[in-house]
Amino acid sequence: MVTYIIRRILMGILVLILVSLVVFFALRLLPGDPALIYVSGQSGGQGVTEERLQEVRKEFGLDKPIPVQYWNWVKGVVTGDLGTSIRYQQDVGKLFAQRFPVTLILGFFSVIVSTILGIFFGLVAAIRRGGWIDTLVTFLSYIGLTIPVFLLAFVLIYVLGFKLHWLPIVGWTPPWKDFGMSVKQSIMPVICLATIPLAVTARQMRSSVLEVNNMDYIRTAWSKGLRERVIVTRHILKNSLIPVVTMVGIGVGIIFGGAVIEETIFGIAGVGQLLATSVFARDYVVIQGGALVIATIIVVVNIIVDISYGGLDPRIRYE
Amino acid sequence: MSEVFVMDAPETVAAPRVSEWKRFLKILFQRKLVVFGVFVLLCLVLVAIFAPLIAQYDPYKNDMAHSLQSPSSQHWLGTDNLGRDVFSRLVYGARTALEVGFGTVAFAAILGVILGLLAGFLGGWTNAIIMRAMDTLMAFPMIVLALLLVAVLGAGIQNVIIALGVATVPGYTRLMCGTTLSVRENEYILAQRAIGAKSLRTMVRHVLPNAIQPVIVLVTTMLGNVILAEASLSFLGIGIKPPGAAWGSMASAGFRDLGTHPLLSFAPALAIMLVVFAFNMVGDGLRDALDPKLRGKL
């Protein structure tokens with residue numbers, strides 16, 4: 001188990017190094033001169049002189065060879081310095097510090113909702129295989145997988161916001177400022193974020209339960225005369241949960257991707273919205289930092305998922 | 001390349017293949033939703049091809065005097081905030097969707113199949129390098145990676161295709177690598193080595209045709225996913241540039257008038273969903289038809 005963990009962590013570190021290279025070189029591949037972008041962004045197009053450009057190049061170390069630049073950048077990143085936003089003229093780390101909590105809170109609840117409901121629906125569908133619940137769950141999971149996040153948001157905003165006036169359609173308040181408002185404002189975004197992972201989890205859970213159902217020990221449990229409830233909760237649920245654990249790792253990725261659209265629609269000042277608007281503003285430093293931080297989170301979550309997977313299912317470790 | 005050994009089976013295979021084909025079609029069209037999916041996709045292709053004949057109006061021409069009209073006999077789905085006919089724009093949007101869909105999938109699938117084949121067949125360092133590169137790309141959510149690439153390359157249909165293509169390559173590579181690894185274990189591959197066939201020849205003529213089947217299924221579902229991703233990028237305003245008729249940008253433009261003219265955003269969004277759903281259904285149908293063992297499992 002220890003070698004397995006060490007191997008998995010080393011591989012994760014390797015991927016993280018590669019991720020940093022991708023992000024770094026994406027910026028270097030830019031057709032424009034970063035110094036020029038910075039200076040013109042800072043002064044609104046005026047005051048772009050050769051001296052100023054040289055100054056900026058020197059200030060940001062852009063006059064050094066590429067490997068040195070990469071090394072300096074990595075050193076900065078590790079100490080939490082992600083550079084200065086071109087648009088906001090502010091520390092990117094600070095921009096993220098304001099926005100990440102918002103995205104993480106909504107994302108956290110979405111993961112909880114999608115995991116619990118997904119496991120429940122997948123289990124029920126598989127146990128009543130071929131019944132109307134199964135047909136309904138399977139059909140709905142198809143819908144969940146194919147519905148664009150923005151269509152879901154449109155339906156919710158139109159029905160719950162415009163027609164019924166039940167929920168506010170825009171903005172987000174932190175729960176420690178106004179709890180009631182925060183809950184109201186979180187319902188639609190969480191539904192939007194949770195739908196796809198919910199569908200994925202339900203499908204995975206369904207096939208996982210069907211697989212476990214075929215095992216000898218389930219037949220044994222039945223022939224021992226155990227009640228259905230005991231068999232389902234003690235034997236089927238426990239064993240079929242193992243592959244579903246990996247879905248959490250995938251779910252985190254889906255949720256960060258979905259956040260870009262969901263936060264833009266609901267006008268929520270999170271990381272997703274920041275990234276989307278930064279593309280317009282050609283604020284590469286922010287996109288670079290955002291992509292790096294999100295990828296790091298996903299890699300770390302997947303390492304944890306894989307290790308716990310190895311812990312839960314001893315067969316994995318020996319591969 | 002010298003054609004000394006022709007180990008492929010001669011034409012006698014043709015006879016049983018007819019029934020094979022019939023069996024394939026029978027299983028494919030067994031489920032009503034697959035039939036529905038095929039029907040939707042046929043309509044989509046026809047609409048895209050005959051767009052100028054179907055659309056009654058110029059999808060790009062502004063007509064401010066008739067902006068934000070409700071559906072009528074003149075404008076079946078009404079007009080948008082610039083007075084453009086929504087139905088005509090929807091029809092032309094089918095072209096954009098298919099263009100991006102096929103462009104991206106062709107780019108990603110070809111690259112992914114080559115990389116996966118090399119990684120699976122050659123193994124060792126080649127495998128390690130290719131697969132770690134794929135792990136790296138997979139660490140980013142598709143939209144975030146596409147944002148990064150579009151930010152670097154700029155918006156526009158070509159760059160969207162490149163961005164989404166790069167973001168989706170790992171799926172094909174992993175799948176192809178996996179099937180190649182299992183195909184490689186077959187005795188006929190060993191036989192190739194025994195007769196001294198070159199690696200390239202073995203890979204292209206024997207491993208590739210036997211490992212490609214699952215990729216066909218992936219291609220079909222990915223067509224849907226890629227169209228959805230393009231719609232998301234266009235929705236954010238960073239995919240297809242504004243005057244172009246893309247369903248995603250139509251939905252986003254209509255969002256401003258959601259309270260009063262819901263059709264403006266619902267119509268294109270529903271079109272996207274219908275197409276994505278259809279591709280998924282057909283993909284599932286193909287998977288069942290190509291590999292009966294998997295039926296009902298997923």
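The values are calculated or read from the model by the stated rules, or taken from the named source; none is laboratory data. Source: prediction; values computed, not measured. Cβ atoms come from the backbone with ideal geometry, glycine included; neighbour counts cover every protein chain shown. Side chains are part of the model used for accessible areas, which takes the heavy atoms of the whole protein and leaves out ligands, DNA and RNA. Shrake-Rupley method; radii C 1.70, N 1.55, O 1.52, S 1.80 Å.
Among the listed residues B:112, B:103, identify the single one that is open to solvent by less than 20 Å² (accessible area, probe 1.4 Å), within 17 Å of the chain's Cα centre (by Cα) and either modelled with pLDDT of 90 or more or closer than 16 Å to residue B:226 by Cα (or both). Working first, answer last.
Values: B:103 fails: open to solvent by less than 20 Å² (accessible area, probe 1.4 Å).
Of the residues listed, the single one that is open to solvent by less than 20 Å² (accessible area, probe 1.4 Å), within 17 Å of the chain's Cα centre (by Cα) and either modelled with pLDDT of 90 or more or closer than 16 Å to residue B:226 by Cα (or both) is B:112.
Which residue, of A:163, A:224, is within 12 Å of chain B (Cβ to nearest Cβ), out of contact with any helix residue (DSSP H, G or I) (no Cβ under 6 Å at 6 or more places or on another chain) and over 30 Å from residue A:303 (Cβ atoms)? Walk me through how you get there before you give the answer.
Values: A:224 fails: within 12 Å of chain B (Cβ to nearest Cβ).
None of the other options fit; the residue is A:163.
Out of all the residues in the stretch B:71-91, which are outside any loop (DSSP other than H, G, I, E, B) and surrounded by 22 or more Cβ atoms within 10 Å (Cβ to Cβ)? First the steps, then the outcome.
First pass over the stretch B:71-91, keeping only residues outside any loop (DSSP other than H, G, I, E, B): B:79, B:85-91.
Within the stretch B:71-91, B:79, B:85, B:86, B:88, B:89, B:90, B:91 qualify.
Any idea which of A:288, A:273 is within 14 Å of chain B (Cβ to nearest Cβ), among the polar types (S, T, N, Q) and over 24 Å from residue A:18 (Cα atoms)?
Selected residue: A:273, the only one of A:288, A:273 that is within 14 Å of chain B (Cβ to nearest Cβ), among the polar types (S, T, N, Q) and over 24 Å from residue A:18 (Cα atoms).
Do we have residue B:232 as open to solvent by 30 Å² or more (accessible area, probe 1.4 Å) and either touching a residue at least 24 places away in the same chain (Cβ under 8 Å) or in contact with a strand residue (DSSP E or B) (Cβ under 9 Å, 6 or more places away or on another chain) (or both) here?
Values: open to solvent by 30 Å² or more (accessible area, probe 1.4 Å): no; either touching a residue at least 24 places away in the same chain (Cβ under 8 Å) or in contact with a strand residue (DSSP E or B) (Cβ under 9 Å, 6 or more places away or on another chain) (or both): yes.
Considered against the rule, which asks whether it is open to solvent by 30 Å² or more (accessible area, probe 1.4 Å) and either touching a residue at least 24 places away in the same chain (Cβ under 8 Å) or in contact with a strand residue (DSSP E or B) (Cβ under 9 Å, 6 or more places away or on another chain) (or both), residue B:232 comes out as no.
What residue, of A:191, A:254, A:268, A:261, is surrounded by 15 or more Cβ atoms within 10 Å (Cβ to Cβ), more than 13 Å from chain B (Cβ to nearest Cβ) and assigned to a helix (DSSP H, G or I)?
On the way: A:254 fails: more than 13 Å from chain B (Cβ to nearest Cβ); A:268 fails: assigned to a helix (DSSP H, G or I); A:261 fails: more than 13 Å from chain B (Cβ to nearest Cβ).
Unique residue meeting the criteria: A:191.
Residue check: is residue A:227 surrounded by fewer than 19 Cβ atoms within 10 Å (Cβ to Cβ), basic (Lys, Arg), assigned by TED's automatic domain parsing to the domain that holds residue A:152 and more than 25 Å from residue A:261 (Cβ to Cβ)?
Numbers: surrounded by fewer than 19 Cβ atoms within 10 Å (Cβ to Cβ): yes; basic (Lys, Arg): yes; assigned by TED's automatic domain parsing to the domain that holds residue A:152: yes; more than 25 Å from residue A:261 (Cβ to Cβ): yes.
Considered against the rule, which asks whether it is surrounded by fewer than 19 Cβ atoms within 10 Å (Cβ to Cβ), basic (Lys, Arg), assigned by TED's automatic domain parsing to the domain that holds residue A:152 and more than 25 Å from residue A:261 (Cβ to Cβ), residue A:227 comes out as yes.
For the stretch B:226-259, enumerate the residues that are within 9 Å of chain A (Cβ to nearest Cβ) and of a type outside the set (A, V, I, L, M, F, W, C).
If the condition is that a residue be within 9 Å of chain A (Cβ to nearest Cβ) and of a type outside the set (A, V, I, L, M, F, W, C), then B:232, B:237, B:248, B:252, B:254, B:259 are the ones that fit.
Within the stretch B:46-70, count every residue that is open to solvent by 90 Å² or more (accessible area, probe 1.4 Å), of a type in the set (Phe, Trp, Tyr) and closer than 24 Å to residue B:258 by Cα.
1
For residue A:137, all conditions in the list (1) part of a helix (DSSP H, G or I); (2) open to solvent by 30 Å² or more (accessible area, probe 1.4 Å); (3) of a type in the set (Val, Ile, Thr) hold save one; what is the number of the exception?
Single failed check for residue A:137: (2).
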